[in-house]
């Protein structure tokens with residue numbers, strides 16, 4: 001099964017496209033001077049008068065000049081610019097990305113060893129020595145993944161050269177380490193570093209990239225999975241997920257036969273995924289059967305959803321099981337779509353499941369958390385999983401207003417839908433191929449299939465039957481989330497004035513006090529009546545308005561009700 005590339009899909013007017021536009025405005029507001037400042041000062045290149053002391057606004061938060069993770073969000077920016085270029089064809093994104101690529105390449109040349117980063121190589125040395133340091137390989141993964149995205153979507157050869165020279169440095173740096181040192185180094189979070197090496201190997205066939213892939217195999221975490229042990233204990237969730245994403249890709253690139261990634265994914269969905277498609281409590285796994293004890297204000301680190309979606313995409317390509325698509329819809333609609341505040345374009349880090357909490361948003365220039373970085377990508381690539389194909393068959397897997405242009409087959413297909421504010425979609429053939437093809441339009445767990453020789457103007461209307469249903473928290477049948485079809489509903493419990501992070505407080509998203517009134521800490525699910533004329537809107541017998549969670553902002557809510 002092959003996904004149609006972003007270049008062949010264009011989103012049309014919808015909430016999805018509005019999110020894209022807000023995201024693109026944010027990433028384009030960051031100048032190349034701001035993005036490159038830490039890289040340039042790292043190697044002694046001129047950035048601004050007096051080092052930019054008061055010349056321009058620096059990127060703050062996790063991109064501050066004294067933060068170990070500086071540079072990670074710049075990597076996400078590179079990926080975002082590349083994805084936006086593919087998704088829109090707008091040369092602005094190409095130029096934005098290329099300016100950063102060329103700037104980082106200049107820094108790499110000055111350094112002269114292949115190493116390039118916004119922080120000194122000494123952070124890697126501390127990691128190798130087992131000393132305290134905040135995830136240097138994680139940050140380097142973001143930068144190199146951004147470079148590979150620039151090469152893949154923008155055909156930027158300079159970006160590939162950056163990664164190739166970096167790989168030469170990495171091989172020299174790591175080749176002489178014994179296995180005990182390697183394993184000690186890998187205890188520190190390293191993100192998707194093995195995935196970068198896998199992608200480099202796929203693109204170039206370079207043996208050093210394959211050696212580096214194997215070097216970054218985390219025996220301590222992955223061997224138990226291959227032995228069938230999926231007990232995650234309380235490990236850090238998003239340290240773990242990228243390792244399995246890399247193993248999923250490895251199965252395809254190395255042509256390996258392993259069911260481990262499939263089993264892992266289904267274990268996550270069955271026992272760890274909460275109603276919006278989210279994972280983790282305070283960034284960590286919890287024992288199976290205890291979800292009801294972890295419905296806190298710090299659930300659902302959005303980077304976990306980002307990586308679960310990437311895993312689902314890779315697994316669906318290898319094993320086209322509709323359950324992967326159902327997860328994509330669950331997570332995109334109920335988490336990612338609502339991650340962004342429509343009023344400001346800012347995004348949340350956690351999606352709280354604690355009754356009475358609310359979404360706490362980032363700031364434009366003084367947060368740059370990991371979930372800000374992944375959001376730069378998530379809202380740029382809504383088009384990547386809508387349409388898939390094999391032979392002369394097209395699968396319409398997601399209901400997102402868009403146009404597919406399959407030039408090879410002479411098919412131009414428009415999808416018109418108000419989903420998720422509707423349970424219908426219509427496919428319109430704007431250009432028809434000369435031969436017979438099959439369109440398979442997903443409903444829920446099945447497809448509506450039409451095979452014929454289409455003609456211009458043909459329309460296929462599909463309707464899904466929605467009903468209210470509940471989903472219990474794992475471990476407690478009396479705590480339930482409420483769905484209308486695939487749409488997660490939440491009760492509105494009162495507006496809040498300023499739901500934004502305070503940059504003067506260190507990582508306040510992790511300790512934020514939501515000051516939940518005692519009167520709403522537990523809310524019982526009462527009888528529901530639909531609101532006349534409003535899709536997916538209800539009201540309880542005790543007067544609580546119930547709406548799709550993705551549409552609730554600046555407001556307290558309840559997701560898991562007392563039954």
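When residue 176 is tested against (1) over 26 Å from residue 66 (Cα atoms); (2) in contact with a helix residue (DSSP H, G or I) (Cβ under 6 Å, 6 or more places away or on another chain); (3) in a loop (DSSP other than H, G, I, E, B), exactly one condition is not met: (2). Among the residues of the range 307-326, the ones that are more than 13 Å from the chain's Cα centre (by Cα) and in a helix (DSSP H, G or I) come to 10 in all. Scanning the range 101-112 turns up one or more residues that are surrounded by 24 or more Cβ atoms within 10 Å (Cβ to Cβ), farther than 25 Å from residue 404 by Cα and in contact with a helix residue (DSSP H, G or I) (Cβ under 7 Å, 6 or more places away or on another chain). Scanning the range 308-323 for residues that are crowded, with 22+ Cβ neighbours inside 10 Å and closer than 15 Å to residue 390 by Cα gives a single hit, 316.
Against the conditions (1) over 21 Å from residue 550 (Cβ atoms); (2) surrounded by 12 or more Cβ atoms within 10 Å (Cβ to Cβ); (3) in contact (Cβ under 8 Å) with a residue 40 or more places away in the chain; (4) in contact with a strand residue (DSSP E or B) (Cβ under 9 Å, 6 or more places away or on another chain), residue 503 satisfies every one except (4). Taken over the range 255-279, the residue count meeting the criterion of being on the phi > 0 side of the Ramachandran plot and surrounded by fewer than 23 Cβ atoms within 10 Å (Cβ to Cβ) is 1.
A quick yes/no check of all residues on (1) buried (at least 21 other Cβ atoms within 10 Å of the Cβ); (2) within 18 Å of residue 79 (Cα to Cα); (3) at pLDDT 95 or above:
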residue	(1), (2), (3)
46	no, no, no
49	no, no, no
53	no, no, no
57	no, no, no
63	yes, yes, yes
68	no, no, yes
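Of the residues screened, residue 149 is one that is in contact with a helix residue (DSSP H, G or I) (Cβ under 6 Å, 6 or more places away or on another chain), closer than 26 Å to residue 31 by Cα and either in contact (Cβ under 8 Å) with a residue 24 or more places away in the chain or not in a helix (DSSP H, G or I) (or both).
Filtering the range 40-77 to residues that are in contact (Cβ under 8 Å) with a residue 40 or more places away in the chain, within 19 Å of residue 364 (Cβ to Cβ) and part of a helix (DSSP H, G or I) leaves 61, 62, 63, 72, 73, 74, 75, 76, 77. The residue that is surrounded by the fewest Cβ atoms within 10 Å (Cβ to Cβ), among those in the range 358-388 that are out of contact with any strand residue (DSSP E or B) (no Cβ under 8 Å at 6 or more places or on another chain) and in a loop (DSSP other than H, G, I, E, B), is 364. Among the residues of the range 350-357, is there at least one that is at pLDDT 95 or above, surrounded by 19 or more Cβ atoms within 10 Å (Cβ to Cβ), more than 24 Å from residue 471 (Cα to Cα) and touching a strand residue (DSSP E or B) at 6+ places or on another chain (Cβ under 6 Å)? No, the range 350-357 has no match at all. Criterion applied to 426, 470, 451, 438 was being exposed (fewer than 13 other Cβ atoms within 10 Å of the Cβ) and either under 20 Å from residue 408 (Cα atoms) or at pLDDT 95 or above (or both), and the one residue passing it is 451. For residue 252, the conditions (1) at pLDDT below 95; (2) loosely packed, with under 14 Cβ neighbours inside 10 Å are fulfilled apart from (2).
The values are calculated or read from the model by the stated rules, or taken from the named source; none is laboratory data. Keep in mind the model is a prediction, meaning the values are calculated, not measured. Neighbour counts are summed over all protein chains in view; Cβ atoms, including those assigned to glycine, are modelled from backbone coordinates with ideal geometry.
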